[in-house]
Structure formats: structure tokens, C-alpha cells
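Each remark here refers to the structure printed beneath this line.
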Amino acid sequence: MRHLPSTGVLLLAFALGCEDPPAETAPPEETPSAPAEDPPAFEGLEGFWSAEQSDVILSRAEEFDVEADTSELTEGEQAALDELLAVGEVMQGLYERSRHPQAEAVGAYLTAYEPTSEAETGRLERLRRLFRAASGPLILDLEGERVPFAPVTPAYEPGRNVYPTGLDRETLERWLEAHPEEAPSIRAVRTVVRRRSEASLTADRAVMEAHPWIAALHPELEDRLASGPDDEGFYAVPYSLAYADDLAEASRRLFAAARHVRADDADFADYLEQRARDLLSNDYEAGDAAWTQGRFSHLNAQIGAYETYDDHLLGQKAFFSTSLLIRNAQASRELEGAVARLADFEAALPGGPYTDVRARIPIGIYDVHADFGQARGGNTASILPNEEHVTRKYGRTILIRRNVITNPAILAAAQARFRAAVTDAHADDLGERGNFDRTVWHEVGHYLGPKRTTDDRVVTEALGQWHNHIEELKADLVSLWLMPRLVELGVIDEARRRSAYAAGVLRVLVTIRPPRTSPYATMCLMQQSWLLEHGALSFEDGRFIIDYDRYPAAVEAMLTEVLAIQRAGDEAAAEAFIDRWARWDDAVQGVIGRATDGVAPRYWIPRYAALH
């Protein structure tokens, strides 16, 4: 799970992871991993947004600098970091491709296009900036709609480019009911779903022939691809086949990075080698074990496909990312001490008992060197991995991104939005540590609560397309629920508790009515509605009044209901809960949204020193 900033937006998303295998050898010529889409026939910049259209978005955007101090790294660590930057570029390309079938073509065209006039030069630069910021040809406009700024078809697909174009959830679910034997591969977190067409089957067989290691690592594929086409049918292939050339290249780079860093950090080298193999096997367990159990020196890296937020069809497919991080040793040690009472927190949760949590969890404070793919933007923290069978055995790691959370521009915007939303009596309630504390304990919150339902299903699978909404809501509530307990333990003082509660109010400020496909913004709106109905917030003369005395009880009441939904694994109850509380009253939410929208950027675009 990742954590988005409370300042309005994340990278143009509303505020609403032994022996080298055969792939170490030189690859064959690139082969198609899917039936090729007809490339768009672009003519000049016809059909692309005008400079004026682009400026509607870009005028509400602000760049922020992201830089990490690499002066303490060894020569081997520096060399490894260079290889990992190359891995990140591969993951960035895969992320763009997996979100839209024509993203690669649009990106290449905008990069290569030679403008014919001064006006076209300015227009082209704006389009390139939009593409870099949006990681593709679609962007969320000021009304919260996903719209294309390039002449692409389709404009938006809930299945993005990991399901067939035009497929809706109901059609796929009906087919799976009739073909339950296909469900494990279709629903798997790292597979691409295809229509069972002759073109798809032929292309995938060609990839297997070009890359013999695929058949060795995925023996089930030969039978899956052997039978003929079916106009009404579907099948799934692992990412290691769908993106074979790219993942083979990333794997080679990871092995090279491991060689550079082994003398300085053997645990990190082990992790990189395991992740290199994971990308080919499509099974991350070995790499995740090395990641969560290793004791790394200076470097850490989130590499691969983890988070499912971009899958708006089933909510099951993970999308690629890389985050390169440099550890702040002293701050990390202090935080490790603060989470030592995790088992006690778990035991005190409403609705328990739940499965015991690990006594030691890997948690660290880091500075971001560079982000790629789904991790790029204002991501302030992550807790990974997510798969239950992995986390049950090895736990998870928590990555807090210090130089994003504490970025001066983001902090200033947060203060401005908060002050625009609350009465003058609360103007100074949000301290510098408030959002930091809330974010840290949000990530810890993902560790707590039910992982399996009462009938022994995995919670994330049981809640289907709503699991991200409910899980992120739970983590937010656990963070706030923990604050009085942290005061009792001496981890924070009363001033920091009040500031964290103020950050909780900042968190729920939603600029516009969010689409249901936005888990973060939807669950923020839900919290706002709940706090209003339960008296922790009241609305007067266009601003919020915070009742800090009622705040803890309101949080615990909502947390109790959310934990019950997770424990029951009731997808229908989750949807009903979302429908009830994600309500929008223009006389309240609309007024607050308009007040906060005008005082801070709507979009944040990171500028990484390592990439410039």
C-alpha cells in the first residue's frame, strides 16, 4: 500500500511496493508480446491539445524538487544506483504501456516530433510535460474526469491495457462463473488478460519460442496456449511473457547492480538477485523474503509490480514501479523503537482478536533518489508486499519518504489548504509534525487488523474492487485511533496528538466529488461525512469547527465498522458502506472544496535531481 499526500494531489492524481538464468545472455530480437495495435496515424499536432487547453491544467500545477544526499555511498553503491536507475526507466515504460494501449506510440511521437514554428514549439513542450506528468495520454481534468490530451482510441478503459479493450466487469464475471478453472490465472495479480483470438495466441507462442526460459519457468503456458481460438473466451499470460524483453533487460540490470554492491551490502545484493529472478518467474516470494528480512546499509529499492490502484475493472492487477531510496539511519532507529508495542496495539483493536503481528517490523526513514512508474509523484510512504501468503510468512516493510513529506512547498500548501477550511480558532493547529506522524502510523495501520475473513478467505480478494477503498480507510482510522495510545506511551506529546488530528482533517479535504474508481479521494470523503455526522466536525459560515474531545470516539466508531466489514469479507456490505458515506453536499463539501482549491496547487509534479 502506498500513501498519498494530503496537500491536494499526487502527480496529477486528485487527493482526492547461484547461477544467472538464461536471460543473462544477450536477448534475441524483440518480439511482439501481444497482437500489435494499429499505430495511431498522427499528422503534426492535429488532435492534440492546444497550448490553451494544456495551460488549464499546467497553470494549476507546481513542480517540487526531490533530491537525496548520495555523498556517503561507496563506489559500489553508486555503481549499483546507476544500474537501478536504468531498471527504473524500464519500469516507467512498462507502467505507461500497461495503462493505455497507445501510450508508447504517443510518447515516442512527442519525443521525436520536430516543431514547425515557435508557437508549435511551445505547444509541444506543454504536451511533453503533460505526458511526463500523467505517464500516458490521459489526464484527470479539473472536474475529475479522465480525458485524453492526444488523439487516442480508446479514451479511457477501466481495464486499462491489462484487460482486453471494451471488456466490462459483468461480462468477465459471467464468463468466469462458467469457467471457474480459469479464475486463478485471470484474477492473478501479475497477469495480462487476453481475448482468445488467433492473433493473440500466435503472438504469445512467438514470444515463448523466442524466450525458451519462459516455458521452463511457466510449464502451464504450453497447454494454455495450445488449444485454438474462441471468440467468446479469455486467457491470461504472466507479466514475464507479456513484457518478456523489458523484464529480461531489467533482470540483467539487477544482476549487474548486485555485483556492484555485494562487497558493501550483501543483504541488499541478495535481494536484487532474487528480484532479478522474480521478474522472470513472475513469483515475487523469494525477493520479498529477502527484502523484508534483509538488513540493508544505505540503499533500499521498491522494484516490481505491487499496487492495484490503476485496475478499475477488477481491482486485482498490479502495476509496475521502482523507488530508489537512501536511508536516514538515525531517524530510522528512532522510529523502530516507536513501533515496538505493535502487538499491544493489535490486541486493543475493536472487534479482535486478530492474528498476532510480528514483534519486529522493518521500517525506515528514507530520502527518495528517484521514482518511476506508479511510485512517481508525491508518494509519501509505502508498506509492501501486499500478497497475504507472502506477508503471513515474511511480514512487510514500511518505507517513509522523508524528503517528500517534509518538502517545504508541500508543507506550505498543506497549511494553506487547512487554514482555508477551518475557523480562525484552529488556524495554527496543524504543526510541522502533524502530517508526518499521521502518515507514519497510517502505514503501521496497514499491519494491523484482519488479514483473512471469518470463513478463511483473503480479505483483499473477498472485498473485490472495493478492497483498496476499505483498506486505505482502515489505515487512516488506525493512525488516528493510535494517537491517544502513543501519548500514554510517551512516543508523542499532547501537542503532537492535536496536530495529528488536525492532519486528519486536512486529509479529508476533497476538492471535487471524486469518482468511485479513486480509492483515496472516496475514502477521504467518507471520513469527512462521518466526522460531520458524529460531531467531530461541524460546519459553520463556510468553515469547519473541530471538536477534539469528540474526535477519538468518532474515529473508533468508524474503525469498528470498517474492521467488521473486512472480517466478514462482505463485498456488498463494503459497497453499501461506501455508498452511504461517500456523499457529496454542495452546500458543505462544495463550499469547502472551492475554498481550498484556490489556495494551493491542484497538481504536483516532482522534479528529481537524479534525472536532470
*asked:* Students often get this wrong, so try it: which of (1) 67, 57, 57; (2) 103, 68, 60; (3) 226, 104, 63 is Cα extents along the principal axes in Å as calculated from the structure shown?
replied: (1)
*Short version: ³J(HN,Hα) in whole Hz for each residue of the range 273-283, in order, from phi by Karplus 6.51 cos²θ - 1.76 cosθ + 1.60 (θ = phi - 60°), x for Gly and Pro, what are they?*
5, 5, 5, 4, 6, 4, 4, 8, 7, 6, 10
*asked:* Net charge around Val510, counting only other residues with Cβ within less than 15 Å of its Cβ (Lys, Arg = +1; Asp, Glu = -1)?
replied: +1
_If each DSSP helix of 4+ residues adds -39,500 (n - 2.57) and the sum is divided by the residues in the chain, what number results at 222 nm, nearest 500 deg cm²/dmol?_
-14500 deg cm²/dmol
*Which lysines does Lys393 reach when only Cα atoms under 16 Å apart count, and residues fewer than 8 places away in its own chain are ignored?*
Lys451
*By average C-beta atoms within 10 angstrom, highest first, the peptides 511-522, 237-248*: 237-248, 511-522
*Classify the range 446-546 as rounded, prolate or oblate from the Cα gyration tensor: take a ≥ b ≥ c as the square roots of its eigenvalues, call it rounded if a/c is under 1.5, otherwise prolate when a/b beats b/c and oblate if not.*
oblate
_Bridge type composition, the chain - antiparallel percent by DSSP, nearest 5_ = 75 percent
*If packing is taken as the mean number of other Cβ atoms within 10 Å per residue, what is the order of 67-73, 95-101, 367-373, 308-314, highest first?*
367-373, 95-101, 308-314, 67-73
_Quick query: amide H of Val192 versus all other amide H atoms, modeled in the peptide plane; which residues come in under 5 Å with a sequence gap of 5 or more or a different chain?_
Val237, Tyr239
*Assuming R0 = 22 Å, what is the FRET efficiency of Val458 and Asp579, from their Cβ-Cβ distance, to the nearest 0.05?*
0.40
*What is the packing order of peptides 344-351, 175-182, taking the mean over residues of other C-beta atoms within 10 Å and listing the highest first?*
344-351, 175-182
*Determine the relative contact order of the range 220-300: mean sequence separation of Cα pairs under 8 Å and six or more apart, normalised by residue count, in whole percent.*
26 percent
*Output ³J(HN,Hα) for the range 460-471: one whole-Hz value per residue in order, computed from phi by the Karplus curve 6.51 cos²θ - 1.76 cosθ + 1.60 with θ = phi - 60°, and x for Gly and Pro.*
4, 6, 5, 8, x, 5, 9, 5, 5, 4, 6, 5
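Every read-out reported here was derived from the displayed coordinates using simple, explicitly stated rules and does not represent laboratory data. Every value quoted in this text rests on a predicted model; they were computed, and no experiment measured them. For neighbour counting, all protein chains shown are included, and Cβ atoms are generated from backbone atoms with ideal geometry for every residue, glycine included.
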